[in-house]
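First the structure, in the form of structure tokens, and then the observations on it.
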Amino acid sequence: MLLYFLITCLSFFFFAKSLSLPPWASETKTLLSFYFIKNPFMTTLHQTKQDLPSPVLDQMSVLDLPELALDCILDLLPPSELCSMARVCSSLRERCVSDHLWEKHLKAKWGKILGPAAHRQWQCYLSSTDHLVSPHHQTGSLGFAKIISLFRSLSSVFRDDKQRRGYASSLPLDSSMSCYLSLETGRFWFPAQVYNRENGHVGFMLSCYDAELSYDTHTDTFQARYPPHGRRAAAVEKGVTWDRLRAAPIDASPHHLHVSDSLKELKPGDHIEIQWRRNKEFPYGWWYGVVGHLESCDGDLNHCHCHFNEMAVLEFNQYTVGSRWRRTMIMRDHKEEGNEEDGFYGGIRKLNCKEEIAMWKHHWPCSILE
């Protein structure tokens, strides 16, 4: 309101000079002039305007900071700001694309779902022409669209900067920054495993299967491409969330039998995951279960000798009592057991990590399966 009153009064003064005003106008002008002089706010405003400093030509540059201080600042920047800083000058560009900065971001966001197979796939990706194809997942937020634009700008700057030919002519494709952005844009499909595949299909509850994944920054979810099962076509699932993903616990093909090293020590109550496949043409998936008691045992741990028996009982308690999938028995020296009707049970992993066990329980079905 005060600003509106000020503008109105000033307009009135300029307009009054061009008109023949009545006698009372001069008195009003004198009164308002007295208000402007005596009002503390107006005095302060007038002084503030005069006291504004003039532009300083020789300002301090961020490059004038000590090396340690500059490194600390860059280390705290998120990926989008690192890309922005890299466009400032060649000196900052060299710092902002360095691996030691981007490895931290790569590990923080992607570390839990990138296993050895994903790293091998990245090397294959670099040797192919796939990385030259424009990304298809650029419909995300404006913030990350800016990152993509900056990424392209960085590449062009590196190519055109003749003064930097001594150490590089382009952004290294095998750099951590390149890997991060290829993952973020969805251009790089990488192998990992998905819990409860195909949107929790009843036939896959409490299982974990291999898939090729591509990230969608717009939805912060993944697209999963599962390998074909026998004559069945490859399945594709969209909208896979982060909590349904993990890196493969065993660095091996899903068609290879895992050689178990803990069968002799299994005892009732142990948490395990076991390979299972429908038939010999299918890849293995990992299924969660626990070690149970033999029928001859009353379950009293003080008298239990189940762990000395050559047979071990595996229980899959997500299935109702009486289901043929509820219990199975295996030899402690087994390799693969089963048939075409009940499927084939492969290698076993004993779960010692509480985080792994908690993850399986997190995906427990809402109701007991038949």
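The values are calculated or read from the model by the stated rules, or taken from the named source; none is laboratory data. Note that the coordinates shown come from a computational prediction; the quantities given were computed from them, not determined experimentally. Every residue, glycine among them, receives a Cβ derived from its backbone with ideal geometry; neighbour counts consider all protein chains shown. Accessible surface areas use protein heavy atoms only, side chains included; no ligands, DNA or RNA. Shrake-Rupley method; radii C 1.70, N 1.55, O 1.52, S 1.80 Å.
Out of curiosity, is Gly347 over 35 Å from the mean Cα position of the chain (by Cα), assigned to a strand (DSSP E or B) and closer than 16 Å to His255 by Cα?
No: the conditions fail for Gly347.
Of the residues in the range 302-333, how many are under 26 Å from Arg278 (Cα atoms), open to solvent by 60 Å² or more (accessible area, probe 1.4 Å) and either in contact (Cβ under 8 Å) with a residue 12 or more places away in the chain or charged (D, E, K, R) (or both)?
6
Here is a yes/no grid of residues against (1) open to solvent by less than 30 Å² (accessible area, probe 1.4 Å); (2) at pLDDT 90 or above:
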| position | (1), (2) |
| --- | --- |
| Asp75 | no, yes |
| Ser84 | no, no |
| Arg87 | no, no |
| Val97 | yes, no |
| Gly111 | no, yes |
| Thr129 | no, no |
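Are there any pairs with C-beta distances below 9 angstrom linking a residue in the range 221-249 that is of a type in the set (Asp, Glu) to a residue that is part of a loop (DSSP other than H, G, I, E, B), with the two at least 6 apart or on different chains, and if so which?
Pairs found: Glu237/Tyr226; Asp243/His363.
From the list His229, His255, which residue is open to solvent by less than 60 Å² (accessible area, probe 1.4 Å), under 29 Å from Glu340 (Cα atoms) and modelled with pLDDT under 95?
His229
For the condition hydroxyl-bearing (Ser, Thr, Tyr), within 27 Å of Asp75 (Cα to Cα), at pLDDT 85 or above and part of a helix (DSSP H, G or I), what is the one hit in Ser182, Ser149?
Sole residue among the options that is hydroxyl-bearing (Ser, Thr, Tyr), within 27 Å of Asp75 (Cα to Cα), at pLDDT 85 or above and part of a helix (DSSP H, G or I): Ser182.
Could you tell me which of the residues Lys361, Lys264 is farther than 26 Å from Val202 by Cβ and charged (D, E, K, R)?
Step by step, each of Lys361, Lys264 is checked, and only Lys264 is farther than 26 Å from Val202 by Cβ and charged (D, E, K, R).
Condition test on Ala234, is it under 27 Å from the mean Cα position of the chain (by Cα) and farther than 20 Å from Ile357 by Cα?
yes
So is His136 at pLDDT below 60, within 16 Å of Phe188 (Cα to Cα) and surrounded by fewer than 14 Cβ atoms within 10 Å (Cβ to Cβ) or not?
Yes; evaluated as a whole, the condition is true for this residue.
Evaluate the following for Glu356: is it surrounded by 13 or more Cβ atoms within 10 Å (Cβ to Cβ) and at pLDDT 95 or above?
yes
Consider Gly299 carefully, then state whether it is open to solvent by less than 50 Å² (accessible area, probe 1.4 Å) and under 41 Å from the mean Cα position of the chain (by Cα).
The answer is no for Gly299.
Scan the range 194-246 for residues that are among the polar types (S, T, N, Q) and closer than 21 Å to Tyr284 by Cα and jot them down.
Asn196, Asn199, Ser207, Gln223
Please go through (1) at pLDDT 90 or above; (2) exposed (fewer than 10 other Cβ atoms within 10 Å of the Cβ) for Asp64 and return the number of the only condition it doesn't satisfy.
(1)
Hey, among the residues in the range 330-344 that are closer than 18 Å to Asp270 by Cβ and in a loop (DSSP other than H, G, I, E, B), which one's modelled with the lowest pLDDT?
It comes out as His334.
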